Amino acid sequence: MYQFLYDLIGNEILAGLLVAVVPLTIILVFALFGIWLERKVSAHMQDRLGPMRTGWHGWLQTVADLMKMLQKEDIIATDADKTLYNIAPVLVFSGSFAAYAVIPFSSKLLGSEVEIGIFYVLAISSLVVAGILMAGWSANNKYSLLGAMRAVAQIISYEIPTALIVLSMVMLMGTLSLDKISQMQTSSFWNWNIFGGAVFGLSKFLLIPFMFIAALILFISTLAEVNRVPFDIPEAESELVAGYFTEYCGMKWGMFMLAEYGNMFAVSAIIVILFFGGYQSPIGYFGNSIGVQWLVPFEQGFWFIAKGLTLVFVQMWLRWTLPRLRVDQLMTVCWKYLIPYAFLNLIIIGIISLL
Amino acid sequence: MLTEFGKILIFIMLAIIFVVAVFIISKLLSPNRPTREKYLTYECGENPQGSPWVKFNIRFYVVALIFLIFDVEVVLLFPWALTYKEYGVYGFLVGIIFLLVLGLGMAYEWRKGDLEWARPHPKPPKLDEILKPKS
Amino acid sequence: MGLLDKEFSDGNIVIARVDDLMNWARLSSIWQLGFGLACCAIEMMATSASHYDFDRFGVIPRNTPRQADAIIISGTVTLKMATRIKRLYEQMPDPKYIISMGSCANCGGPYWEHGYHVLKGIDRVIPVDVYVPGCPPRPEALLEGLLKLQEKIRNESLRKKIA
Amino acid sequence: MALKTETMVLNMGPQHPSTHGVLRLELEIEGELILSVKPHIGYLHRCFEKHAEAMTYPQVIPYTDRLDYLAAMGNNFGYVIAVEKLLGIQIPERVEYIRIIMAELQRIASHLVAIATNGADIGALTPFLYLFRDREYILSLFEMTCGARMLYNYMWIGGLSHDIHPDFVRKTKEFIIHFRPTIIELNNLLTFNKIFIERTANIGILPIDTAINFGASGPVLRGSGLPFDVRREDPYSIYNRFDFEIPTGKGLVGTVGDCWDRYYVRVLEMEQSLRIIEQAIDNIPEGDVHSAIPKRIKPPKGTVYARVENPRGELGYFIISDGNLNPFRVKVRAPSFVNLEVMGELCKGHLVADVIAILGSLDIVLGEIDR
Amino acid sequence: MKNPEEIFELLKNEFGDTILGLDKDTPTESIILVDSMNINKIGAFLRNNNDLKFDSLMVLSGVDDTNGTKVKDEDGTDMISGGTLSVYYHLHSTNLKHKITLKVSTPRENPQVESTYNVWRTSDWHEREAYDMFGIIFLNHPDLRRILMPYDWEAGYPLRKDYKNPEFYKGMKVPY
């Protein structure tokens, strides 16, 4: 993508900018669609209709919300810390958007083919923690302070199981770059990592159960990292009024929402790449069969977004069924269950990969 | 020449520009009527007693300890994970020993009880205690 | 239902169209402050439950006044509570609306004569946009009150709001 | 290694998503642990007792509706029994049966709201809407008989305002058939949900002697293990003709008297109410509901204290009459007012999230706390 | 299972003259009159005695029995002076299943009653409400302040028969 644009306009910075604009639009469109989907999914799960009045089945609802938020007055409390208060949404959004630089939407559409793909994603996602802490502390509100303290403890401690699972996948794959990982899981869904990766042989069948466990642990810990129920303790509506963004109003709060949905898709994209074959289609490409080569990247993009959306749907599905955990139960789940299991999983996958 | 990390920098710059642009648009469109009460901190409709900026024990010691054991370990293990296959079983054993030592550290941590978060210790109200006249 | 459910009959100068767009955005996503006082609050919960579903009109309960557009004063306002409601109303960002639900909030309701601690109507403390009669008003009455508020917002002009 | 930390006073103030109305809890917290809880009430004090002194006896009934607005039938029932005891008049059988059915239907509707808000406070939002859908079913039954959804003014002194609708009996039977599977669905969805149990078991344990001394009643007292129910202890109207058990907390998942027990007692009580309705719905005798309503109600000088088993506990009316048309003094013993006193002792040593679970399990209604 | 007469006899020979009397004539329940200054001792006795075991105070209600003389106030409304305020205690035993009602009277000008805070903890809020509504001071009650009315309400005690509404409270007009 970058090369193609660079030949087109010649100037590197402009080409880089244009390459960056595509994931930004994808995130924006996804956030609009995601918020509407969440309200419709929650409505139909709860035996009601959800937004119906703005456009057909309310598909314009999020557009209306966005434009209404633009008109809301911006209030910064007198004894809040102004600079931190304003920097926090910028940090949170750029933290979650930067992860999209290395996510390959299709073989052609890739922000930057930097070698340490997944390692960079782990590093940049902890920028969000700093943003949340700033938001909570600067608003000088007791509820946002409690929400921020909980968020810090939760996201830092749930990064560890994520890192361990990513480590075990890297041991198998032998590379850090997300693009190469997706390329390894080509042709049919049987070669996806969740079914033991592309190499055929005994180790493939031995790996399948541990791959399922690894996918489950990664899903749970990334749920916690994105603050989704049952781990949405930082912004627990029923206890802390609105958690760390209690004092934010109008578009600043909109940025937190955008970052949350952006994070949700980024996290499900990583699970899709690591386990469900990235942008590879499960049943082969239609473009190849009818010989139209330029259609293949679009198909890959379609498959990638479809898989991402199914995982986002599962996250939403969990939100409207499970109650919320308490802070200390959340920590016990992470330290006493997820980390030891991820630990053992790592060692066993290492042994199997040696066979 | 724009390196790979240069592209990532452009990504982050774009994010910042986008957020600041949205704030500016919102500033243009939104009304602004400051009143004293509007800028008081929100506390469920009450006057907040005392400031929230107090010394807050976020149990940083425990989080830092666990973070040290594991995330630093993971950082060290990434290069090992990429290259251990060339050295066969011995390469693998090197990593495993490193992992087991750290596993020991975690077991010690667990046994010492430092993995406990702020757990509620409920004290069910005993009648005779309550009815003792307030000394 | 087109994008803007209001035809462009009058002279479509750009200001009028931007006004309608802004009004349409404001009216189709009124976020109510999740806050109930008395019996009308239970009726408000029944309205946001599956049978009558407030969410069809884009109304979701937000818990903090900073992110709310409208307060539905559902129930009897006592003197002790009136000062808090004034504080909450003040803390809401600016384009904000008030629906006074139930005769207790409208004018003191059954407690008008001997209620020494009851505020005789919330409009003595905050400006009210829509009054919903009834004790407690049926969910359909509350929905009709919401439609009346949306009607009012549709004919508002953004410039007067900002100026 | 205890870091020296300052305590913080957090106001879970009148406007809070899960204080069930306008209750202010002043929490003194250190980090997340709670040192003390001080409830502040009075934000909904609507001067019921002053109105009762200024109105005649029948005029007070609509005000009793608005005390515990989730169980309006139960409030009417209590007041009406107290005045009938004072007057010493005889009530026709048909009125007794219809009153029992209405009170039990109201108990199910009120428990549905209590369970729904308790679940929603802990984060499970979907059961909240399923239970409100079932409650709509009961509200349509009430609307069919007395025209109102929530506040009915239905039970008059000596009779009823309207007779029941011709196909009320058929509709109630349909409701019973519809409602039994939803209780099982509720149990699968929420009651035995691992996270819900984790959040409510062994939280807010109320031993039995403290509960008695605090005067707690209803599911709060029965959750602690004492099978005390006014319908059984001090039988009023014709409750002694029906057989139903009194469910008590047995500590299935945690210790006896924790939040989960109080919650589960309410679920079991809904089944018992269904049993009572089934026994009563088939043999409602014929008769006129307006026959025993006296034209002018002037009770003799004297005092009466009558109590009724409301969904939240023992609702008592203490009426002093000095012989003329208006009652001299009406004092309401509101069960939520008494149950809320336990809050101060119950929450010590818990986390902020547990206060919400405990408050949800106490199931308070601010209308009758502040009167 | 004891009826009020037996309980009255038992209390009479236990406490002698502080039990003032028993009136049985008025309908539906007989009331034991008790002196206001040692309701605490009587309560403790009622709770701890083995064949009484009144372990639960159902309701504690303040009453303004307007038996004072009516005095015309300067703006024409009548004020009651003299006479008594009384407090009714409804007790009941959960295991012996019997009920009893105590009545305590105090002068209207300086109403003082011993608090039963450390006998039945439920009387904590009931006494605060009686103080809030009638102005009855409960001695050695830990924090006797208003419970239902705003804490800074100085227009007197609302449930007294001669209570007049203040014109304004914090800038809000109180009467209709």
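The values are calculated or read from the model by the stated rules, or taken from the named source; none is laboratory data. All values derive from a computational prediction rather than experimental measurement. Here Cβ is always computed from backbone atoms with ideal geometry, including for glycine, and neighbour counts include all displayed protein chains. Quick note on the areas: whole protein, heavy atoms, side chains included, nothing else; ligands and nucleic acids left out. Shrake-Rupley method; radii C 1.70, N 1.55, O 1.52, S 1.80 Å.
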remark   = Rounded to whole angstrom, the alpha-carbon centroid of the range A:181-201 lies from that of the range A:231-262 at a distance of 39 Å
key: Cα-based reach from E:Lys164 at 16 Å (exclusive), listing aspartates and glutamates while leaving out same-chain residues under 8 positions away   = C:Glu113, D:Glu49, D:Glu53, E:Asp64, E:Asp73, E:Glu74, E:Asp75, E:Asp78, E:Asp132, E:Glu154
message = Cβ neighbours within 10 Å, averaged per peptide: list D:348-359, E:47-58 in order, most packed at the top.
response = D:348-359, E:47-58
key: Inter-chain Cβ neighbour average for residues C:103-116, partner chain, 10 Å   = 5
message = Let me check something: with ligands and nucleic acids excluded, how do E:Glu5, A:Glu235 order by accessible area (1.4 Å probe), largest to smallest?
response = E:Glu5, A:Glu235
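Within 10 Å, count the other beta carbons around each residue, average over each peptide in B:48-55, C:139-146, and list them highest first.
On the way: B:48-55: 14.8, C:139-146: 19.4.
Going by the mean number of other Cβ atoms within 10 Å, highest first, we get C:139-146, B:48-55.
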Cβ charges +1 (Lys, Arg) and -1 (Asp, Glu), total dipole of the range A:75-354, debye = 400 debye
query = Within 10 Å of each Cβ of E:161-171, how many other protein chain Cβ atoms are there on average?
reply = 3
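So what are the range A:75-354's ellipsoid semi-axes, whole angstrom, largest first, if each one is the square root of 5 times an eigenvalue of the alpha-carbon gyration tensor? Intermediate results must be reported in sequence, preceding the final value.
Values: eigenvalues 247, 97, 46 Å².
One finds semi-axes of 35, 22, 15 Å for the range A:75-354.
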task = Would you kindly derive the ³J(HN,Hα) couplings of the range C:40-47 from the backbone phi angles with the Karplus curve 6.51 cos²θ - 1.76 cosθ + 1.60 (θ = phi - 60°), listing them in order in whole Hz, with x for Gly and Pro?
result = 5, 5, 5, 5, 5, 5, 5, 5
task = Taking the dipole about the Cα centre of the range A:58-171, with the C-beta of Lys and Arg at +1 and of Asp and Glu at -1, give me whichever of A:Ser138, A:Ser168, A:Ala64 is farthest to the positive side.
result = A:Ala64
task = For A:Val41, A:Val292, write out the residues from largest to smallest accessible area, computed with a 1.4 angstrom probe and no ligands counted.
result = A:Val292, A:Val41
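Taking 8 Å as the Cα distance limit and 6 or more residues as the minimum spacing, I'd like the relative contact order of chain E as a percentage. Present the calculation step by step, with values, prior to reporting the outcome.
On the way: 312 pairs, mean separation 32.1, N = 176.
So the answer I get is 18 percent.
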query = Considering amide H positions built from the backbone, and no H for Pro or chain starts, which residues 5 or more places from E:Arg146, or on another chain, come under 5 Å of its amide H?
reply = none
Karplus-derived HN-Hα couplings along the range A:204-209 (A = 6.51, B = -1.76, C = 1.60, θ = phi - 60°), whole Hz, x at Gly and Pro = 5, 6, 5, 6, 3, x
task = Would you work out what percent of the accessible area of chain D, with all protein chains in place, is carbon or sulfur (probe 1.4 Å)?
result = 57 percent
remark   = If unit charges are put on Cβ atoms (+1 for Lys and Arg, -1 for Asp and Glu) and the dipole of chain A is taken about its Cα centre, the option from A:Met184, A:Leu84, A:Leu37 lying farthest towards the positive end turns out to be A:Leu37
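Please get the size of the charge dipole for chain C, origin at its Cα centre, with Cβ charges of +1 on Lys and Arg and -1 on Asp and Glu, quoted in debye to the nearest 20. Walk me through the numbers on the way to the answer.
Values: 20 positive and 18 negative charges, 131 e Å.
Value, rounded to 20: 640 debye.
Could you put C:Lys148, D:Lys250 in order of accessible surface area, largest first, with the 1.4 Å probe and the full protein assembly present? Working shown, then result.
Working: C:Lys148 115, D:Lys250 140 Å².
Greatest to least solvent exposure: D:Lys250, C:Lys148.
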ask   = Comparing C:Val130, C:Val77, C:Val18, which has the greatest mean-square fluctuation in the GNM of chain C with Cα pairs linked when under 10 Å apart?
value = C:Val18
request  = With a 1.4 Å probe on protein heavy atoms only, work out how much accessible surface C and D bury together, total over both chains, in Å² to the nearest 100.
outcome  = 3000 Å²
request  = Could you go through the range D:163-176 in sequence order and give the Karplus-derived ³J(HN,Hα) for each residue, using 6.51 cos²θ - 1.76 cosθ + 1.60 with θ = phi - 60°, rounded to whole Hz, and x for Gly and Pro?
outcome  = 7, 6, 5, x, 9, 5, 5, 4, 5, 5, 5, 4, 4, 4
request  = Mind counting lysine pairs for me in the range A:75-354? Cα separation below 21 Å, and the two need to be 8 or more apart along the chain or on different chains.
outcome  = 7
request  = Show which lysines lie in cross-link reach of C:Lys148 when reach means a straight Cα distance below 26 angstrom and same-chain residues fewer than eight apart are skipped.
outcome  = A:Lys40, A:Lys68, A:Lys72, C:Lys6, C:Lys86, C:Lys96, C:Lys120, C:Lys160, C:Lys161
request  = Provide, in order from the shortest bin, the percent of all Cα-Cα pairs of chain D in each 20 Å bin, continuing until the bin that contains the maximum pair distance.
outcome  = 29, 57, 13, 1
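When a/c reaches 1.5 or more, the comparison of a/b and b/c decides; with that in mind, is the range B:7-104 rounded, prolate or oblate per its Cα gyration tensor? Walk me through the numbers on the way to the answer.
Working: a/c = 7.31, a/b = 1.88, b/c = 3.89.
Oblate shape, in that a/c is at least 1.5 and b/c is the bigger or equal ratio.
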remark   = Here the averaged projected area of the protein assembly as shown, based on the convex hull of its alpha-carbon atoms and given in nm², is 52.6 nm²
Proportion of all alpha-carbon pairs of the range A:103-163 beyond 15 Å (%) = 60 percent
task = On a C-alpha basis, how far is the centre of the range A:272-297 from the centre of the range B:48-87 in Å? Whole number, if you could?
result = 39 Å
task = Could you let me know the centre-to-centre spacing of the range E:50-75 and the range D:302-371, using Cα atoms, in angstrom?
result = 19 Å
ask   = How large is the dipole of the protein assembly as shown about the Cα centre if only Lys and Arg carry +1 and Asp and Glu carry -1, each at its Cβ, rounded to the nearest 20 debye?
value = 860 debye
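Taking beta carbons within 10 Å but only from partner chains, what does the mean come to for residues A:149-158?
Details: counts 7, 4, 0, 4, 7, 1, 0, 6, 7, 0.
Neighbouring Cβ atoms belonging to other protein chains average 4 per residue here.
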